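Input: a single structure, listed below in structure tokens.
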Amino acid sequence: MSEPRSRDHDEFLAAARAAVAGSTGADALDALGWWDLLGMLDDPDARAATFALFRAHGRELGDTPALGALAAAPYFATDDGTRTVMAFSRPATGGGFAHTLLGTPVTERILVDTGAAAPVLVEAAEVTLTPVAVPGRLTIHAVTVAEGAGIPVTPADGLEAARARSAFLARVAAAYEILGAAEGAFALAIDHANGRVQFGQPIGTFQAVRHLLAWAVTDTRAVESVTDVARDLDVAAPPRFDEIVKALAGRNGRRACERSLQVLGAIGFTAELDHHHFHSRVLALDAVAGTSAELATALGAWVRAERPDPRIAPAVLSA
Amino acid sequence: MSKMPDPTLVADVGAYAAAVDGWCATRPPALAAAVRPIPDYATRVEVMSDLLGALFDAGWSRYGWPETLGGLGGSILHRGAMWQTLAAHGVASMAVFEHLEVLLPTLAALGPTDFVADALPAFLSGRERWAQGFSEPDAGSDLAALRTRAVLDGDAYRITGRKIWTSWAKYGTWCLVLARTGTTESRHRGLTAFVVDLRHPGVEVRAIEQANGTDELAEVTFDDVPVPATRIVGDLDGGWKVAMHILSHERGTYAWFRQCFMYRDLIGHVADGPAVSDRAVGDALCDIAAVAATSGEGLRLHASGATLGPRATITKLLLCEAERSIQDAVLAGNADLALAPLDDTTALLRQEYLFSRIVTVYGGSQQMQLETIAKQLLELP
């Protein structure tokens, strides 16, 4: 990427971090004018700014409903000013589907699409929200939708196109949030390596610790790089690239947190340090829109069945 | 050499890739020969040299190199597209021509123009090949401790010393030699890069048979070998900068060229393995994507005139991870490579599997790469 573009991305990220760190819920999104960006995702800069929010979200442990809002956007042709967020659905242990709402709920309408039936739009009054208490500083609610509630949604570009676009956006955004959270855990480990003295010297002088940290930054750089490619190529990305991005992000995000935890030692496994928040944030995001295990397995089956050509062409890199 | 560049192909990498693809689709004999599995390394070198000759005659390999040096213009993105297309048409590796993307970018950027203008077309066309003479018996990871000396004698330097793990020296015409022109105490500040003619009297090449059966590496002895001062690459005592430029490519952008062939291995040899899980195949696909994305960023940076610098080490670590995960799956699905590598395909799989266990050594051991990251990128104490 050219230097000026890189500078723009750095500025988007800095602005997003400041907004997310300074306020919660919809206020942070309003401060950035983030909702307006959802109608401009074809524009590379608007897309970059939209996604920068998620990396900031992970890094600052922000708590907004942005991921659900981004995932809901492709289902609606025009923005009528009503803020809709999507609840993320996955098969429930005892059958049926479990729905999860991420971030402080600020919306009047929730989109529910299990993939098994037509998507429906339900009013906030029609659902029961049960708080889920896990670390991560992310408000999480289990959503119970009354039977027969909601009105069917018919996306203007067709349901399959909306679902595919929603999944792409959600996966790339979740990958950025995983990246930011892993970077947060890693930053704690770096501080610890520089400051913690054992055997008369900072533990960051010991090769075993240095190499753990070098692997951790390698894990996160891989995520950053593939996610940036998805952001930049967007609809020109190779087939199922969003799944590759999300699978890699979940896997490597967890790895980076685990390596950072090992550097931190016992203090990293306490409520006194934020590592557990970053780690739990990564676990939560890995579980949304396909876990790394589910996606890698599905990708492997796809490679076997279809012998696809998932190459990134140099021609698109130069675009 | 008289072929004129097509401005459309210079400007549009996609159009260039499509044109190369069209050429490959006509199945030129040199390409058809190169896609067959060839376990014998010397034969593979000959066949790949013929393919390079055909690519040069058709003009394709000249894109991506400056016109002033015998190329047809364009950038490293053209080269990335050419090898990706060749891989898609079944070429298994760059075999002996890896230095087109390790040494040649540095020669083009820092080498003596008159010499490179002759050497570049000769290399691109497969007529001449190159070796890299960095490591010595007592200077491996500690490269700055190297002792091969170059002493000025009139208008030439006389080089004496011993190099080891010199890649492709048996098959090479030229060797880029890092030699000491300063005092031993000057460490990395007293090194200079020279182009040495491997055919010159006083040069002795002893090929080393590797564990995978190939003889890509060699021990090379230089006994008072004269090298004209005009064959210095970079500046006198500026050899470290040359070495770092090469390593930026060897650890960074080269990964792009290598990953092109990984997709082929994944689709062709991993996906059939009954003992390989879907998850392992999917994870390997992710590993390749990480290499493609980070090295692709390196390609873009180099195309715009910048370099990856120490970040190239991260790309190299990711490349090693991908090599291992793919070859682990190859082994899991092909027990014959351990017990009965009787056919050419399996014999070649065995070579590649074994080589994947040593990728963490070439271009600087993995432990040195991790130290580079810890020191230069993370700035740890």
Give, in nm to one decimal, the length gained when the segment between B:L236 and B:D224 is fully stretched (0.36 nm per residue of separation minus the Cα-Cα distance).
2.4 nm
Estimated 222 nm signal from helices in chain B, with DSSP H stretches of n ≥ 4 weighted -39500 (n - 2.57), rounded to 500
-13500 deg cm²/dmol
For the range B:279-381, which GluC sites (Glu not before Pro) pass both filters: DSSP loop (anything but H, G, I, E, B) and at most 13 other C-beta atoms within 10 Å?
B:E379
Starting from the Cα gyration tensor of chain B, multiply each eigenvalue by 5, take the square root, and state the resulting semi-axes largest first in whole Å.
32, 25, 21
Cα gyration tensor of the range A:154-214, axes a ≥ b ≥ c as square roots of the eigenvalues: rounded (a/c below 1.5), prolate (a/b > b/c) or oblate?
prolate
Enter the mean number of other protein chain beta carbons within 10 Å of the beta carbon of each residue in A:293-302, as an integer.
6
A:D36 paired with A:A287, simple spin-label distance in nm, labels 7 Å along Cα-to-beta-carbon:
3.7 nm
Hey, what does the equivalent ellipsoid look like for the range A:152-287, semi-axes from the Cα gyration tensor as sqrt of 5 times each eigenvalue, largest first, whole Å?
36, 15, 9
Going 7 Å from the Cα of A:Q262 along its beta-carbon direction, which residues of the range A:207-231 have the amide nitrogen within less than 15 Å of the resulting point?
A:207-220
Taking a ≥ b ≥ c as the square roots of the eigenvalues of the Cα gyration tensor of the range A:3-69, is the shape rounded (a/c under 1.5), prolate (a/b larger than b/c) or oblate?
oblate
Dividing the mean separation of Cα pairs under 8 Å (6+ apart) by the residue count of the range B:237-381 yields a relative contact order in percent of 29 percent
Report the gain in length on full extension from B:T173 to B:A33: 0.36 nm times residue separation, minus Cα-Cα distance, nm rounded to one decimal.
48.0 nm
With N denoting the number of residues in chain A, provide Rg(C-alpha) divided by 2.2 N^0.38 Å, to two decimal places.
1.01
Starting from the Cα of A:R307, step 7 Å along the direction of its Cβ; do the same at A:D191; then give the gap between the two resulting points in nm.
5.3 nm
Helix A:241-264 sits off the longest principal axis of the Cα atoms of chain A, rounded to the nearest 10 on a 0 to 90 degree scale, by 30 degrees
Segment B:K375-B:D197, extension gain: residue separation times 0.36 nm, minus the distance between their alpha carbons
60.4 nm
Taking a virtual spin label 7 Å from the Cα of B:D153 along the C-beta vector, which residues in the range B:195-210 bring their backbone nitrogen under 12 Å of it?
B:202
The Cα extents of the range B:131-237 along the principal axes, largest first and rounded to whole Å, are 41, 28, 21
Counting other Cβ atoms within 10 Å of each Cβ, which GluC sites (Glu not before Pro) in the range A:83-152 have at most 15 and sit in a DSSP loop?
A:E108, A:E147
What relative contact order, as a whole-number percentage, does chain B give when Cα pairs under 8 Å and 6 or more residues apart are counted?
14 percent
Using a basic spin-label model with each label point 7 Å from the Cα along Cα→Cβ, how many nm lie between A:A149 and B:D215?
7.7 nm
Just how large is the dipole of the range B:198-303 about the Cα centre, in debye to the nearest 20, putting +1 at every Lys and Arg Cβ and -1 at every Asp and Glu Cβ?
400 debye
Among residues other than B:P39 whose Cβ falls under 13 Å from its Cβ, what is the net charge (Lys/Arg +1, Asp/Glu -1)?
-2
Net charge within 12 Å of B:A92 by Cβ-Cβ distance, Lys/Arg positive one each and Asp/Glu negative one each, not counting B:A92 itself?
+1
Give the average, rounded to an integer, of partner chain Cβ atoms located within 10 angstrom of each Cβ in A:239-249.
3
Checked the range A:83-152 against the a/c 1.5 cut and the a/b vs b/c comparison, axes a ≥ b ≥ c from its Cα gyration tensor; verdict oblate
Proximal lysine pairs in chain B, meaning Cα under 22 Å and 8 or more positions apart or interchain, come to 4
In deg cm²/dmol, rounded to 500, what helix-only [θ] at 222 nm does chain A give when every DSSP H run of at least 4 residues adds -39500 (n - 2.57) and the total is split over its residues?
-18000 deg cm²/dmol
Per 5 Å bin from zero, what fraction in whole % of the C-alpha pairs of the range B:7-128 is there, up to the bin with the longest pair?
2, 11, 23, 25, 20, 12, 5, 1, 0
Summing +1 per Lys or Arg and -1 per Asp or Glu among the other residues with Cβ less than 9 Å from B:A290's Cβ gives -1
Scoring the range A:159-317 by relative contact order with C-alpha pairs under 8 Å, at least six apart, yields a percentage of 33 percent
Peptide B:364-375: average number of partner chain Cβ atoms within 10 Å per residue?
4
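Just to be sure I understand: if I project the alpha-carbon convex hull of the protein assembly as shown onto a plane and average over all orientations, what area do I get in nm²?
Working: hull surface 131.1 nm².
Spelled out: convex hull of the Cα atoms, projected over all directions, averaged, 32.8 nm².
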How high is the FRET efficiency from A:F269 to A:A208, r the C-beta distance, R0 22 Å, rounded to 0.05?
0.70
Specify the angular offset, from 0 to 90 degrees and rounded to the nearest 10, of the alpha carbon long axis of helix A:44-59 from the longest principal axis of the alpha carbons in chain A.
60 degrees
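Beta carbons within 10 angstrom, averaged per residue: use that to sort the peptides B:149-155, B:330-336, highest first.
By packing density, highest mean first, the sequence is B:330-336, B:149-155.
Every read-out reported here was derived from the displayed coordinates using simple, explicitly stated rules and does not represent laboratory data. Not measured: the values here are computed from a predicted model. Note that each Cβ is placed from the backbone with ideal geometry, even for glycine, and that neighbours are counted across all protein chains shown.
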